Amino acid sequence: MEVGTRTVHILGVTAHPTAAWATQLSRNLLANLADRAARFRYLLRDRDSRYTQAFDAVFTADGIEILKSAPQTPRMNAHVERFIRSVRAECTDRMLIYNEQHARSVLAEYAEHYNSGRPHRALHLRAPADDPDVIPFPAQHIQRHDVLSGLIHEYRDTA
């Protein structure tokens, strides 16, 4: 999660994560971010054994400093903990996930909703992908759009 913008990136889903898998996902993230990665100064991560020196080296090579959270302190990474609570309450606790591929597609669709359609109080009820220079006017015609097969409803102006 990018804390400043609240943008979430779902990197991967697996039943058996390894250190090599986590390191490859970190490379993929930086490749996807391209020149935007230069704006990041810190990566806050927990102390899981899957985050090895190779994982840290991927980020430090781009000038990103690694900060490790203190043991047993969920408030130190409160933004991500809040996202996890949201995705569980709004999505995964209400669905039967039957395999990794299904989990990937559900989480990708939820991340798209979270980044482009879900309002955030810290962003003055805007979504992370909203243009900050656009002032929304009251809608004339509102239509409901279902997300995650109707689990979540988004409302948009159709005018």
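The values are calculated or read from the model by the stated rules, or taken from the named source; none is laboratory data. The model shown is predicted, which means the values in this text are computed figures rather than measured ones. Note that each Cβ is placed from the backbone with ideal geometry, even for glycine, and that neighbours are counted across all protein chains shown.
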Unmet criterion (only one of (1) closer than 30 Å to Ile152 by Cβ; (2) among the aliphatic types (A, V, I, L, M); (3) free of Cβ contacts under 8 Å to residues at least 40 places away in the same chain; (4) assigned to a helix (DSSP H, G or I)) for Val106: (3)
Pairs with Cβ under 6 Å, 6+ apart, first in the range 123-140 and of a type in the set (S, T, N, Q), second at pLDDT below 75: Gln140/Ala159
Filter the range 1-16 down to the residues that are surrounded by fewer than 14 Cβ atoms within 10 Å (Cβ to Cβ) and outside any loop (DSSP other than H, G, I, E, B) and list them by number. none
Selection from the range 76-96 of residues that are surrounded by 15 or more Cβ atoms within 10 Å (Cβ to Cβ) and outside any helix (DSSP H, G or I): Cys91
Evaluation of Ser69 against (1) in contact (Cβ under 8 Å) with a residue 12 or more places away in the chain; (2) surrounded by fewer than 13 Cβ atoms within 10 Å (Cβ to Cβ); (3) not basic (Lys, Arg) (one fails), failing number: (2)
Out of (1) loosely packed, with under 13 Cβ neighbours inside 10 Å; (2) more than 28 Å from Ser105 (Cβ to Cβ); (3) of a type outside the set (Ser, Thr, Tyr), the odd one out for Ile64 is which? (1)
Can you find, within the range 34-54, the residue that is surrounded by the fewest Cβ atoms within 10 Å (Cβ to Cβ) among those that are part of a helix (DSSP H, G or I) and not polar (S, T, N, Q)? Asp35
Unique residue being surrounded by 14 or more Cβ atoms within 10 Å (Cβ to Cβ) and at pLDDT 90 or above when the list is Ala31, Ala19, Ala57: Ala19
Please verify whether the range 18-26 includes one or more residues that are of a type in the set (S, T, N, Q), under 25 Å from Asn115 (Cα atoms) and in a strand (DSSP E or B). no
